[in-house]
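This report refers to the structure that appears directly beneath it.
The values are calculated or read from the model by the stated rules, or taken from the named source; none is laboratory data. What you are looking at is a predicted structure, and each value in this text was computed from that prediction instead of being measured. Every residue, glycine as well, gets a Cβ built from its backbone with ideal geometry; the counts of neighbours run over all protein chains shown. All accessible areas refer to the heavy atoms of the entire protein, side chains included, with ligands and DNA or RNA removed. Shrake-Rupley method; radii C 1.70, N 1.55, O 1.52, S 1.80 Å.
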Amino acid sequence: MQREIATEILALMLEYSGKLDRSVQLVKDTCSEEEFIDYRTAVGTIMGEMYTEIMWPIFHDHPDLEPEEMKPQ
């Protein structure tokens, strides 16, 4: 993938991840514990897929684009 496109896609994925994180807090604050657990699980699945299917291949091709906080310790 071209670096310019990879950079734009990563920015979108990070934006969407932040929005998904905020949505989990909203559900936690307003829904039952059962709904919260189900929702959090679904969001975790989505975010995992975003990472493994979209972000990781970009980091593999362009390692310098991987944020330090996402690198294995």
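Over the chain, with every protein chain in place, what whole percent of the accessible area is carbon and sulfur at 1.4 Å, could you tell me?
The C+S portion of the solvent-accessible surface of the chain is 57 percent.
Quick one: dipole size for the chain, taken about the Cα centre, charges +1 on Lys/Arg Cβ and -1 on Asp/Glu Cβ, in debye to the nearest 20.
Result for the chain is approximately 60 debye, rounded to the nearest 20.
Please give the per residue accessible area of the chain, computed with a probe of 1.4 Å over protein heavy atoms only, in Å².
73 Å²
Cα-based Rg (one decimal) and Dmax (whole number) for the chain, in Å?
Rg, Dmax (Cα atoms, Å): 14.4, 44.
Could you pull out which residues in segment 41-73 have an amide N less than 12 Å from a spot 7 Å beyond the Cα of MET1, following the Cα-Cβ vector?
Within reach of a label on MET1, which here means backbone N under 12 Å from a point 7 Å along Cα→Cβ, segment 41-73 contributes 50-63, 65-66.
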